[in-house]
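K.L.:
Have a look at the structure that comes next, please.
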Amino acid sequence: MDKIYVGKIDTSRIYLYKHKWDCNWYWSLGYLGNDNSHFHLESLLQNETNVNVIFNETKLSQDQWWIIRDLFIQAYALKKCAEVYQYGGHQTTEKGITDIIKNKDKADAINKDLEIVLDTVWNYIINILGKKDK
């Protein structure tokens with residue numbers, strides 16, 4: 001799996017793992033961590049916005065972090081939207097009521113847009129931080 005070192009949290013080296021198309025219907029994205037732990041980048045978008053508070057050590061500037069944040073916020077929004085159209089609702093709990101907007105073509109189109117955003121943010125990070133690790 002492709003990954004790139006983004007910085008340290010406490011004393012742990014943290015890597016971002018490259019997005020991938022899973023189970024032929026959704027994007028896995030925003031996985032951070034190392035051999036001992038993992039978490040989702042989405043959790044870093046909730047509160048603190050200062051990259052130097054989030055990471056003890058990183059080559060990312062604040063301006064670069066804002067661009068990365070923006071692209072990941074877009075990515076998570078697109079992922080949720082695609083899942084709604086894929087399933088026909090957030091969690092189809094009542095056929096004919098919660099699955100009223102199921103549309104595979106829209107889900108596919110949104111997932112294509114999501115791929116563009118994910119490739120853009122991955123390439124942006126690679127250009128800043130250097131080569132990826134395997």
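The values are calculated or read from the model by the stated rules, or taken from the named source; none is laboratory data. Since this is a predicted model, take the numbers as computed values, not measurements. No Cβ is skipped: glycine too gets one built from the backbone with ideal geometry, and neighbour counts run over all protein chains shown.
K.L.:
Counting only residues that are out of contact with any helix residue (DSSP H, G or I) (no Cβ under 9 Å at 6 or more places or on another chain) and in contact (Cβ under 8 Å) with a residue 12 or more places away in the chain, which one in the stretch 34-54 is surrounded by the most Cβ atoms within 10 Å (Cβ to Cβ)?
P.N.:
Ranking the qualifying residues of the stretch 34-54, first place goes to N34.
K.L.:
A further question follows. Which members of the stretch 61-84 meet the condition of being free of Cβ contacts under 8 Å to residues at least 40 places away in the same chain, part of a helix (DSSP H, G or I) and surrounded by fewer than 18 Cβ atoms within 10 Å (Cβ to Cβ)? Let's see the steps before the verdict.
P.N.:
Start the filter on the stretch 61-84 by keeping residues that are free of Cβ contacts under 8 Å to residues at least 40 places away in the same chain, which leaves 61-63, 65-66, 69-70, 73, 77-78, 80-81, 84.
Filter once more, keeping what is part of a helix (DSSP H, G or I): 62-63, 65-66, 69-70, 73, 77-78, 80-81, 84.
Of everything in the stretch 61-84, those that are free of Cβ contacts under 8 Å to residues at least 40 places away in the same chain, part of a helix (DSSP H, G or I) and surrounded by fewer than 18 Cβ atoms within 10 Å (Cβ to Cβ) turn out to be Q62, D63, W66, R69, D70, I73, A77, K80, C81.
K.L.:
Pick out the one residue from Y87, Y31 that is under 30 Å from I100 (Cα atoms) and either surrounded by 14 or more Cβ atoms within 10 Å (Cβ to Cβ) or modelled with pLDDT of 95 or more (or both). Please lay out each step first, then the result.
P.N.:
Working: Y31 fails: under 30 Å from I100 (Cα atoms).
Just one listed residue meets the conditions, Y87.
K.L.:
When the residues of the stretch 99-134 are narrowed to those that are modelled with pLDDT under 85 and surrounded by 15 or more Cβ atoms within 10 Å (Cβ to Cβ), which ends up farthest from D22 (Cα to Cα)?
P.N.:
Among those residues, the one meeting the criterion is D99.
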